[in-house]
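Asks: Have a look at the structure that comes next, please.
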Amino acid sequence: MGKEQRLPNFDELLRAAQASRTRAYVPYSKYAVGAAVLGSDGKIYSGCNVENASYGLTICAERNAIAAMVAAGCTSIEAVAVVTADGGTPCGACRQVLSEFAVGETTVVCAGDTSSHQFSVAELLPSSFKLS
Ligand code: THU
């Protein structure tokens, strides 16, 4: 048996992100975000944004999804989906955290109500910080 490369199923990933988005806790911004990452273990991990009355304590959907993956024992991301109303892309902090667990070629799909765009992690964060 050869080494099999599992092709990311973006429909499934987008559905997981959308399901998580319905649970976003966003009483302050009203901007609900759902994210899902496909781990190298073949499993999908999802997260939503969780806001706080002390605004700076808010945690983004992407980082919650990644934290769920790492907590489950997986530290490598094969593909990412982010769902918002307007197709927004991950913030700078989330781009840095994505780059910790993905490679530059990893695809990030950002979907909105009416459109969706694909990026690579390297496009979103060129020359990301890495400890040598
Ligand atoms: N947000 C995310 O969940 N992910 C991002 O990459 C950008 C921003 C959240 C944080 C806050 O709850 C809301 O979107 C508005 O900034």
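The values are calculated or read from the model by the stated rules, or taken from the named source; none is laboratory data. A quick note: this is a predicted structure, and the numbers were derived from the prediction, not measured. All Cβ positions, even for glycine, are placed from backbone atoms using ideal geometry, and neighbour counts span all protein chains on display. To get the accessible areas, we keep the full protein, side chains included, count just its heavy atoms, and leave off ligands, DNA and RNA. Shrake-Rupley method; radii C 1.70, N 1.55, O 1.52, S 1.80 Å.
Asks: Would you mind stating whether Gly42 is more than 10 Å from the ligand (Cβ to nearest atom), part of a loop (DSSP other than H, G, I, E, B) and not aliphatic (A, V, I, L, M)?
Replies: Yes; evaluated as a whole, the condition is true for this residue.
Asks: What tally of residues in the range 18-37 results from selecting those that are surrounded by 13 or more Cβ atoms within 10 Å (Cβ to Cβ), among the β-branched types (Val, Ile, Thr) and out of contact with any strand residue (DSSP E or B) (no Cβ under 6 Å at 6 or more places or on another chain)?
Replies: Here the count works out to 2.
Asks: May I pose another question? Do you know which residues across the range 90-131 are under 22 Å from Val70 (Cβ atoms), part of a loop (DSSP other than H, G, I, E, B) and not acidic (Asp, Glu)?
Replies: Matches in the range 90-131: Pro90, Cys91, Ala102, Val103, Gly104, Thr106, Leu125, Ser128, Phe129, Lys130, Leu131.
Asks: Right, something else. Checking the conditions here, which among Ala81, Ala72 is open to solvent by less than 40 Å² (accessible area, probe 1.4 Å) and among the aliphatic types (A, V, I, L, M)?
Replies: Ala81
Asks: Can you name the residue in the range 1-17 that is modelled with pLDDT of 95 or more and touching a strand residue (DSSP E or B) at 6+ places or on another chain (Cβ under 9 Å) and is also surrounded by the fewest Cβ atoms within 10 Å (Cβ to Cβ) among such residues?
Replies: Glu12
Asks: Taking the conditions exactly as written (of a type outside the set (Asp, Glu), open to solvent by 60 Å² or more (accessible area, probe 1.4 Å) and within 16 Å of the ligand (Cβ to nearest atom)), does Ser127 satisfy them or not?
Replies: No, not satisfied.
Asks: Considering only residues that are within 10 Å of the ligand (Cβ to nearest atom) and in contact with a Leu (Cβ under 7 Å, 6 or more places away or on another chain), look in the range 57-103 and name the one that is nearest to Phe129 (Cα to Cα).
Replies: Arg95
Asks: Can you tell me which residues in the range 89-111 are open to solvent by 20 Å² or more (accessible area, probe 1.4 Å) and under 18 Å from Ala16 (Cα atoms)?
Replies: Thr89, Thr107 - these are the residues of the range 89-111 that are open to solvent by 20 Å² or more (accessible area, probe 1.4 Å) and under 18 Å from Ala16 (Cα atoms).
Asks: Could you grab the pairs with beta carbons closer than 7 Å, sequence gap of 6+ or different chains, first residue in the range 71-83 and among the hydroxyl-bearing types (Ser, Thr, Tyr), second one crowded, with 21+ Cβ neighbours inside 10 Å?
Replies: Ser76/Gly39
Asks: Please go through the range 38-55 and give me each residue that is polar (S, T, N, Q) and open to solvent by 40 Å² or more (accessible area, probe 1.4 Å), ordered by number.
Replies: Ser40, Ser46, Asn52, Ser54
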